[in-house]
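A.B. asks: Submitted below is the structure of interest, expressed as structure tokens.
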Amino acid sequence: MELTPRQETILKIIVSEHIKTGAPLGSNTLVHKYKLGVSSATVRNEMAALEQKGYLVQPHTSAGRAPSENGFRYFVQKLMDEAILSSTEQLMIQHQFHQARLELDQWMRLSAAVLAHSTHNASLVTSPKIKQCEVKHVELVSIQDRVALLILVLKEGTVKQQIINLEIAQTQDDLRVISRRLTELWSGKMVNRVKTMMPTLSGLTLQVAIVVSEMMQRLNLRQTSDMYHAGLLHLLETDVVQSDILEQVIRILEERRLVEQIVGQTLGRQGVQIIIGGEGQWNDLSQISIVLSSYGTADGATGTLGVVGPIRMPYSRAVSIVQFMSGLMSNLMGDLYGSQTA
């Protein structure tokens with residue numbers, strides 16, 4: 001339902017003030033604080049019209065109004081100012097990632113921590129997943145004469161390790177030669193291609209091929225991605241969050257099924273997605289909002305990252321950090337694993 005320019009101005013002020021204070025806003029405050037150039041009676045009439053249209057509610061018998069869920073939705077869709085992270089903050093975040101080891105698990109944990117710290121809300125990050133694993137690198141590390149550690153690095157960033165017993169003692173130099181050969185042979189290959197090459201192999205290379213194919217098959221059958229979250233302490237430290245709101249935040253972070261539903265229905269769309277109050281689909285989210293985006297590579301290795309908090313979260317800030325982190329994670333994955341970013 002479209003609003004007049006004056007109604008949009010009033011709604012924008014009320015939502016912005018409510019995000020800061022949590023309190024209803026009256027017509028006198030609007031007129032005197034924001035110099036609207038109209039009388040209090042005119043503002044009251046406009047507020048009554050906004051309430052009738054479903055964008056404002058009157059929590060108490062006072063004249064003050066607060067935004068409804070639809071009011072918040074109208075605000076984020078049409079009225080919210082775009083916020084861009086300062087170059088200083090961008091460089092600080094990038095520096096944290098460049099200091100981290102080039103391991104997917106550490107990236108996920110760091111992403112969740114940065115999102116939570118930057119928005120003072122809870123965060124969630126799912127690891128990237130592709131339909132079929134592809135080999136990036138194989139490494140054999142000598143532990144004892146007849147024991148080696150097999151390290152398998154996949155194109156989307158997953159790293160798997162397994163101890164293997166050797167039939168014949170091997171030096172680290174021997175293992176390095178075999179590692180280089182298998183990496184050259186399998187790089188960019190899926191499990192079926194690894195299997196078709198087995199008849200040409202023998203000895204330790206065949207043994208490694210069998211183990212690698214089994215590891216890849218297990219990963220291909222995996223239905224869900226790993227999920228990381230952070231930031232519950234930020235919510236506990238603020239007066240914004242009541243116990244029932246905190247309960248809903250914990251539920252979204254702990255119940256993988258609910259996250260998978262939300263991700264499945266919202267992230268086929270481009271850009272940042274904002275879910276306010278469950279959007280009439282998820283009763284468990286009736287008092288919270290989620291700001292989500294996908295990240296990943298153009299070849300299909302994609303994950304999800306986002307911010308979870310009360311409905312009166314600072315959306316502009318949340319959108320800017322989620323947007324920046326999505327681009328940063330996509331670029332990092334593309335640089336490290338040789339793929340074009342999504």
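The values are calculated or read from the model by the stated rules, or taken from the named source; none is laboratory data. Keep in mind that this is a model prediction, so the values were computed, not measured. Cβ placement follows ideal geometry from the backbone for every residue including glycine, while neighbour counts extend to all protein chains displayed.
A.B. asks: Out of the strands (runs of 3 or more DSSP E) lying entirely within the stretch 125-187, which hold 1 or more residues that are touching a strand residue (DSSP E or B) at 6+ places or on another chain (Cβ under 8 Å) and in contact (Cβ under 8 Å) with a residue 60 or more places away in the chain?
C.D. replies: 135-144, 147-154
A.B. asks: So which pairs qualify, if the first residue must be in the stretch 264-292 and not assigned by TED's automatic domain parsing to the domain that holds A116 and assigned to a strand (DSSP E or B), the second must be of a type in the set (A, V, I, L, M, F, W, C) and modelled with pLDDT under 85, the Cβ gap must be under 6 Å, and the two must be at least 6 apart or on different chains?
C.D. replies: Qualifying pairs under 6 Å: none.
A.B. asks: Filtering the stretch 1-46 down to residues that are within 35 Å of the chain's Cα centre (by Cα) and basic (K, R), which residue is surrounded by the most Cβ atoms within 10 Å (Cβ to Cβ)?
C.D. replies: Top of the filtered list is K12.
A.B. asks: Criterion first (assigned by TED's automatic domain parsing to the domain that holds S289, surrounded by 18 or more Cβ atoms within 10 Å (Cβ to Cβ) and under 24 Å from the mean Cα position of the chain (by Cα)) does I93 satisfy it?
C.D. replies: yes
A.B. asks: Residues to consider are L124, L150; find the one that is surrounded by 16 or more Cβ atoms within 10 Å (Cβ to Cβ) and in the same structural domain as I288 (by TED's automatic domain parsing).
C.D. replies: Checking each option against the conditions leaves just L124.
A.B. asks: OK, next. Looking only at the stretch 147-177, which residues are within 20 Å of M216 (Cβ to Cβ) and either hydrophobic (A, V, I, L, M, F, W, C) or modelled with pLDDT of 95 or more (or both)? Working first, answer last.
C.D. replies: In the first step, residues of the stretch 147-177 are kept if they are within 20 Å of M216 (Cβ to Cβ); the result is 148-164.
Selection gives A148, L149, L150, I151, L152, V153, L154, V159, I163, I164.
A.B. asks: Limited to the stretch 188-214, what total is found for residues that are within 15 Å of Q132 (Cβ to Cβ) and either assigned to a loop (DSSP other than H, G, I, E, B) or not assigned by TED's automatic domain parsing to the domain that holds S142 (or both)?
C.D. replies: Summing the residues that are within 15 Å of Q132 (Cβ to Cβ) and either assigned to a loop (DSSP other than H, G, I, E, B) or not assigned by TED's automatic domain parsing to the domain that holds S142 (or both) in the stretch 188-214 gives 3.
A.B. asks: Against the definition (among the hydrophobic types (A, V, I, L, M, F, W, C), farther than 18 Å from K160 by Cα and modelled with pLDDT of 95 or more), how does F97 come out, yes or no?
C.D. replies: So F97 does not fit the description; no.
A.B. asks: Please work out if L30 is at pLDDT 95 or above and either assigned to a helix (DSSP H, G or I) or more than 21 Å from I276 (Cα to Cα) (or both).
C.D. replies: Criteria not met by L30.
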